[in-house]
Every structure is written in C-alpha cells, then in structure tokens.
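Worksheet: one structure, shown below.
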Amino acid sequence: MNQRIPVTELASDFKGRAREALADSQLRSNFRTAMDSLMRKRADAFSDEDEREGLRELGNHIRARSLSNLPDLLEQLETKLTANGIKVHWAETVEEANEIVHGLIEAHDGRQVVKGKSMVSEEMEMNDYLADRDIECLESDMGEYIVQLDNEKPSHIIMPAIHKNARQVSALFNEKLGEHVSEDVDELIQTGRRILRRKFLEADVGVSGVNFAIAETGTLLLVENEGNGRMSTTSPPVHIAVTGIEKVVSNLRDVVPLVSLLTRSALGQPITTYVNLISGPRKPDELDGPEEVHLVLLDNGRTGAFADAQMRQTLNCIRCGACMNHCPVYTRVGGHTYGEVYPGPIGKIVTPHMVGLDKVPDHPSASSLCGACGEVCPVKIPIPELLQRLRQENVQAPDHEPAAVRGAGSKYSRKERMMWRAWVMLNTRPAFYKLFLWAATRFRALAPKKAGPWTENHSAPVPAARSLHDLARDHLKNSPIRGEKS
Amino acid sequence: MSELFYDAAPNATRVAPARETERRYPDKPAEVSLFGTCVVDLFFPEAGLDAIRLLEQQGIRVHFPQQQSCCGQPAWTSGYREEARAVALAQLDLLDDGRPVVVPSGSCAGMFRHHYLELFAEEPENLRRAEDLAGRTFELTEFLLKVCKVQLVDRGEKHKIALHTSCTARREMNTHLHARELLAQLDNVERIDHDHESECCGFGGTFSVRMPDISGAMVLDKTTALRQSGAAEAISADCGCLMNINGALEKQQQAFRGRHLASFLWERCGGEQ
C-alpha cells in the first residue's frame, strides 16, 4: 500500500500554493475546461428558472427544518437504525471515529478494506490511520482511486481527480500499475474497474459515506454513478458507513427534492446511475448483502457550528460541489491550494469549525465576494455572507468575548485596526475628507508609482485633477436646474 | 495561455441573468441626491458629473451633499464591522432628508440597499432609517430606466462595446439587465458578448491587494476577454471594476480601456433631448 504523502511538494501556505497553481498552465487548463463543462451541465439541468428557484427554496427549507430538530432526529435515527439491525456509533472527534472503525475491522480480523467515496473518511484521514495499522484501505471510486494511486488528496469533493487530464491518468497507470494503457478514457476506466472488481471480492470490510440518513425509516441513502458504492456496501461481509451528524433528514419525502438538487447541481444529472437505500444487514431469506452494517456518526466541530445561528447554515450543505464549480478563485487555483479536505467556497466556511479558523486564516480573504457560490448553492447557504462573518472573526481583538468561531482573532493586528480607525476619521469628518481630496488632487503628480501589491498587476492609480466634490459644486452652482448649496 | 482557454470554452459560464427583483418604482421625482462614491470622487469624477448631467437632462434637480464620503464598504468587506458602521452612520445621517438617492455604482448602491440593514440590525432606530434609505436608493442605470423611463436618442457613430457588470451589482442590483436595456436604446451601439462575461474581474476591494496573485490572474483573463471580444471599448457602471480593469490594461501597455456608462451615455445622448 502506498503511504500517502500529504501534499509535501506544495508550498506550506495558501498564498504560496496559489502562486504555484497559477503558474501551472496544465493545471489551469484542466480546471477551466472541467469547470466550464460542469457549469454548462448544471445550467442545462435547471433550464426552468422558476422550477429551479422553487426547488432551491424548498431545499433550504428542508435542511433548515431538519437542523432545527437535529437532536430529536438523531435520536429517532438511532432507534430506527437499531431496530433495522444497523449498529450506531457516535464519534466526537476524528480520532474517536478512526478508533471505532479500526475496532470494528479488528473484530473481524480484517486486513483489506474497500471504500466507496466518502468525504467524511477524508476528514478522518482514515486511509492513513488504517495503513499505519497494516490495514489496506483501497479507494473504489475511480477518481479517488486515481488520487490514491498518486499519493494525493482529492482536489474536488465530487470529482477527486479533476485536476488531472486523461493523458496524466494514463501516464500514472502506466507507471504505477505497469500496464500499458492508452489515453482513451474508456480504456482507462476499464483498467481501473478490472483491478477493483477483484478487490471487491477479496475485501473483508466495505466502507462508504452517506448522502442522507433518514430518521423515520432508519435508512441510509447513497448516490453514486459507478456502482462501486453498491459493491462496497454489499459485497464484503461487513459494511461500515461514516457520516457527519448533519446528514439526517426526517423522512423519504424530504429526500426526493434534495437528491434532485444534489445530482443536478453536482453533475447536471436528473438522477445518479445508482441510488442506494440501505436499510439493514442481509436478512435470512436474502441472497446478498453484508452480515453486519454499522453507522459512525461524526461530530468533528459540527455542534460548534450548530450553536451559532449564522454559522449553522454551513450544516445545510449537501456536498454537491456547485459552489466550487462556479468559483473564479477555485477554478484558477484548484482544490489542493486550499490544503484542507473541503476546498472551494464551501470549504472556506466548513473548515473553520473543524480545524479552527487560525489554521486557515487566509481562506476567508481568498474571495472577491463575487457571490457566484451563493447564487448556485442548491440549499441557499449564503456563502458570501458567511465569508464576511469569518473575516470579522479573523480580525477580532484577543480580548473579545469568547468567540463563536473556533480559532477566531488570529488575523488581529493592532496596526491594521489603527489604520481602519484613521479611515473612519477621514470618512466621518467632512473637513478632513475634503482636505484629503484637496491634497490628493492638488499633489496628484506626487502620487507614488508603487502602491504595494496593487502595482504588481496595475499601473499606479493617479487621482483626478479635480474631485467630484469640486466639479459637482461648480456645476450645480451654474446649473439650469439649480441644486441648493450644501 | 489565456488565449487558449477562450478558444476552448467561449462564453461557457454565462449563467442566466438573475431574476428581476419585485421592486416597485416610484414616479419620477423632482429632486434627487447623488451619492458619488469615493472611487468616483477621486479617480473618475467625470463619470459622477456625467451622471448629474444625465439626471438633469431628465428635468431632475440634483443635489450633491458636500458632506458625503464613502459608503463604508471597504471596512465592511475587510471584516471591520464597527469601523464600517461608523462611516455608514455618517452617510445615514447625511442622507436622512427623504430624497431619493442615486448612486453611479452598483456595489455602493448594494451597500445602502442590503448591507446597511445588516450593519444596523441590532439598532431599531437606525435600522428603521437604514430601511428608509434602502427603499429610496437607486443605482443610476436602474433609476434612468425604471424611474425616469428614459428614451435615449443616440447621436453617435456606429460603435461596438462590451459590457462589464460588477458582481455585487449583478447579484444585488440587477445592474447588468438595466445597463443592457439602456444600451439597447442606442441605435448605433452594438453590445458584444465577451468570454466568461458573468465572471468576476478580480477586484473585490481589498481582495485585490490581499490576494494579488489570484486577483491578477482574474483581471488578466477579464482584460483579455474584453480585448478579444471585438468591441472598441468596455463599458461598466462600476468604478471599482474600472479601476481594476483600466489599471491592469495600462500595466499591460494595452490601448484598450473601460469607461463608465454615465460618461458613455452622456457622450452619445448629451444635450437637449
């Protein structure tokens, strides 16, 4: 098993990684091409604007309602799952979640695990944890398989290997698998499938994520396109599902619009090729299915977000990836630049409560607040508004009352705060402001030719010869439609 | 490199225009206040003056309160809420006379219309005043089109332009729709789509100096798309974007430039109508 080396070749900070990504023309074109295609597909899938907006509204409503009943729904879910024969485990931290998963595998003397796609397992860094304990955990989603083969992390939550093109995947297969594979996508996929097929039959344990956990019926819903999810959850004798506590919804009726929003927003699909509804282990009269099914419910900071009314909206997320597909920053720097499990706009707002804002202090600033993410979010998470909130948390003074966001205040700078105070003086005292205008216009020839980072991309801004204050006053004095002197 | 992208995906990201808001518009008022915005004040004063001229052309008496400064947006988007509030309060006090306020910038108008409500959410009296201000704040193109119901008479030569709309304006004020309609009234002006038209130019206020590498990549793509559109110039109703786009073009030593919509309209339709 390859030991995963987490992004060692990349710079250690966000800005450095961004710089490297921006200079990589292959990476840039891979992302631009892929994101363009995904945006087009989503737009086509939502061709009726009224239907789209109505559905987004409904999606938001369902998620908000589910979250407002979260403790009750989780209790109901546990009761129903247990009645269905699914064992429920609770984990507050990723460490606890890994211990639980490891314990279950050990109990069955498992050595080989096959995994369907799961972002929560990425949060847990489950592959590394198990590898350290001599358990092979093989990714079975084609994209995940590719990044695992190359010792990388996913660069997108839906399409983990989207940063690579077919040529790069072919080269990787030739190198790592010793197989001569062309750049033909079908051939690449067939090669991967052939290898994985064997593993599904050999695996002791199958691990998967969950898209929605349905409280009323005790059902785990999993959408996928490759069939690997169904294989991972039915072929091995033990199935362990891992998911975040926010994924619970009341009933199957809630799931219908959410699945439609999810698949259309993610890949422009009316529905995925597979929709798995897992309601328990194999029953005596059934021919297939695992003998045991477990669900690990992970908190990992989610209750922290839940406690804050504004940040709670981050838990609405159904992990479709549309926000990153439409993000001009993500499109240019790619997923690895973010250095965290969840990249892009959604990553910027869910990562702080998982790892602490102080670990990702540049993330909230890495946005022009263009609003594309909020515009396409299927459950209407106001992502720009939450980024704004995180910017405020970032610059909070250390003596500020206990922060609602973990790791707040790491960007606090007395100097910068003073600068903004001076800016307030300038903009709240008209005499100062006018003096400033007078000086800036009068001495415009003295405007500096270098203006910090601005002049890296721009010529230095030169103030006009006369301000609008001046021009307007003179103009209105002589205007045929006189403005009053003010 | 950028050129290649454009060939590969022309206009791929143009999302459907945002839905028209349900905003109800008043009859044309006799007087308005112009809020010039700080960027226009110092860097594009002609655009502000042309906005005044366009309004006067509609028979409206324009006031320019001399005490005005900035809407507070730079501090607000930088996370300095208290500082943004202090500056916002000064404008709120100044613009408290009940007159309609016209703003030649979608993002600053959006600040008045949307974000002041967040800034003063916890202060009932100021919130009431902010709501009042929001209700009578109009972005210039919106005001000309929806309130004045202008019928522009184009006096210029045949001309091709590309329209760039700021993101906050697009998503908060629907400026792209209003500007398009105004430009469509000009017989000799052809508006040409440019590649990835709905994508951000990379300005984002302090984003452009906090993340110069990413912002620089964005503005390079935007300026390239504008130049390659076949338009003779770019038109925008936001001077933040224009400062970004023109500053980058100048640095790239390109002759192509962007211009404020107010100046463009006044040049083509100025004088008696």
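The values are calculated or read from the model by the stated rules, or taken from the named source; none is laboratory data. Remember, predicted model here, so these are calculated numbers, not experimental data. Cβ: placed from backbone, ideal geometry, glycine included. Neighbour counts: every protein chain shown.
On the given criteria, is B:Leu133 outside the structural domain of B:Met218 (by TED's automatic domain parsing), farther than 19 Å from B:Leu55 by Cβ and among the hydrophobic types (A, V, I, L, M, F, W, C)?
no
Quick one: count up the residues across region A:87-121 that are in contact with a helix residue (DSSP H, G or I) (Cβ under 9 Å, 6 or more places away or on another chain), surrounded by 16 or more Cβ atoms within 10 Å (Cβ to Cβ) and either among the hydrophobic types (A, V, I, L, M, F, W, C) or under 22 Å from A:Met159 (Cβ atoms) (or both).
14
Taking region B:230-246, which residues are part of a helix (DSSP H, G or I) and surrounded by 24 or more Cβ atoms within 10 Å (Cβ to Cβ)?
Passing the criteria: B:Cys239, B:Gly240, B:Cys241, B:Leu242, B:Asn244, B:Ile245, B:Asn246.
How many residues, within region B:247-262, are at the interface with chain A (Cβ under 10 Å from one of its Cβ atoms) and touching a Phe, Trp or Tyr at 6+ places or on another chain (Cβ under 9 Å)?
Matching residues across region B:247-262 total 2.
Select from region A:149-208 the residues that are within 21 Å of A:Cys137 (Cα to Cα), among the hydroxyl-bearing types (Ser, Thr, Tyr) and at pLDDT below 95 and list them in ascending order.
Matches in region A:149-208: A:Thr191 only.
Output the residues belonging to region A:294-338 that are within 14 Å of chain B (Cβ to nearest Cβ) and not in a helix (DSSP H, G or I).
A:Ala309, A:Gln310, A:His326, A:Cys327, A:Gly334
Listed here are the residues, each with its yes/no results for (1) more than 7 Å from every other protein chain (Cβ to nearest Cβ); (2) surrounded by 24 or more Cβ atoms within 10 Å (Cβ to Cβ); (3) under 20 Å from the mean Cα position of the chain (by Cα); (4) assigned to a loop (DSSP other than H, G, I, E, B).
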position: B:Val40; (1), (2), (3), (4): no, yes, yes, no
position: B:Ala47; (1), (2), (3), (4): yes, yes, yes, no
position: B:Ala51; (1), (2), (3), (4): yes, yes, yes, no
position: B:Leu54; (1), (2), (3), (4): yes, yes, yes, no
position: B:Gln66; (1), (2), (3), (4): no, no, no, yes
position: B:Ser69; (1), (2), (3), (4): no, yes, yes, yes
position: B:Thr77; (1), (2), (3), (4): no, yes, yes, no
position: B:Glu82; (1), (2), (3), (4): yes, no, no, no
position: B:Ala86; (1), (2), (3), (4): no, no, no, no
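Out of A:Ala403, A:Ala447, A:Ala408, A:Ala439, which single residue is out of contact with any Lys or Arg (no Cβ under 6 Å at 6 or more places or on another chain), more than 10 Å from every other protein chain (Cβ to nearest Cβ), among the small types (Gly, Ala, Ser) and in contact (Cβ under 8 Å) with a residue 40 or more places away in the chain?
Only one candidate passes the filter, namely A:Ala408.
Residues of region A:151-167 being part of a loop (DSSP other than H, G, I, E, B), more than 17 Å from A:Val341 (Cβ to Cβ) and in contact with a Leu (Cβ under 8 Å, 6 or more places away or on another chain), which ones? Spell out the reasoning first.
Taking region A:151-167 and keeping what is part of a loop (DSSP other than H, G, I, E, B), we get A:151-165.
Imposing the further condition that a residue be more than 17 Å from A:Val341 (Cβ to Cβ) reduces the set to A:164-165.
Within region A:151-167, A:Lys164 is the sole residue that qualifies.
Can you name the residue in region A:368-400 that is part of a loop (DSSP other than H, G, I, E, B) and more than 17 Å from B:Glu172 (Cα to Cα) and is also farthest from the other protein chains (Cβ to nearest Cβ) among such residues?
We begin by selecting, within region A:368-400, every residue part of a loop (DSSP other than H, G, I, E, B); these are A:368-371, A:377-382, A:395-400.
Those left that are additionally more than 17 Å from B:Glu172 (Cα to Cα): A:378-379, A:395-400.
Working: A:Pro378: 14, A:Val379: 17, A:Val395: 5, A:Gln396: 8, A:Ala397: 10, A:Pro398: 15, A:Asp399: 14, A:His400: 11 Å.
In this case the residue turns out to be A:Val379.
From the set of residues in region A:450-484 that are within 7 Å of chain B (Cβ to nearest Cβ) and of a type in the set (Asp, Glu), which is nearest to B:Ser33 (Cα to Cα)?
By that ranking, first place goes to A:Glu484.
Looking at the structure I just gave you, is A:Arg421 more than 20 Å from B:Ser263 (Cβ to Cβ) and either in contact with a Ser or Thr (Cβ under 8 Å, 6 or more places away or on another chain) or in a helix (DSSP H, G or I) (or both)?
yes
One line per residue, one yes/no per condition, for (1) farther than 26 Å from A:Asp24 by Cα; (2) out of contact with any Lys or Arg (no Cβ under 9 Å at 6 or more places or on another chain); (3) basic (Lys, Arg):
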| site | (1), (2), (3) |
| --- | --- |
| A:Ser121 | yes, no, no |
| A:Glu125 | yes, no, no |
| A:Asp132 | yes, yes, no |
| A:Ile135 | yes, no, no |
| A:Asp141 | yes, no, no |
| A:Ile146 | no, no, no |
| A:Lys153 | no, no, yes |
| A:Gln168 | no, yes, no |
| A:Thr219 | yes, no, no |
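In region A:180-239, which residue that is in contact (Cβ under 8 Å) with a residue 12 or more places away in the chain and acidic (Asp, Glu) is surrounded by the fewest Cβ atoms within 10 Å (Cβ to Cβ)?
A:Asp184
Kindly indicate whether A:Thr233 is touching a strand residue (DSSP E or B) at 6+ places or on another chain (Cβ under 8 Å) and hydroxyl-bearing (Ser, Thr, Tyr).
On the way: touching a strand residue (DSSP E or B) at 6+ places or on another chain (Cβ under 8 Å): yes; hydroxyl-bearing (Ser, Thr, Tyr): yes.
Yes.
Rundown of residues vs (1) in contact with a His (Cβ under 8 Å, 6 or more places away or on another chain); (2) over 23 Å from A:Gly321 (Cα atoms); (3) facing chain B (nearest Cβ under 10 Å), yes/no style:
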| site | (1), (2), (3) |
| --- | --- |
| A:Leu22 | no, no, yes |
| A:Asn30 | yes, no, no |
| A:Arg65 | no, no, no |
| A:Leu73 | no, yes, no |
| A:Glu106 | no, yes, no |
| A:Gly110 | no, yes, no |
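Can you pull out the residues in region B:205-230 that are within 8 Å of another protein chain (Cβ to nearest Cβ) and among the hydrophobic types (A, V, I, L, M, F, W, C)?
Scanning region B:205-230 gives B:Phe207, B:Val209, B:Met211, B:Ile214, B:Ala217, B:Met218, B:Val219, B:Leu220.
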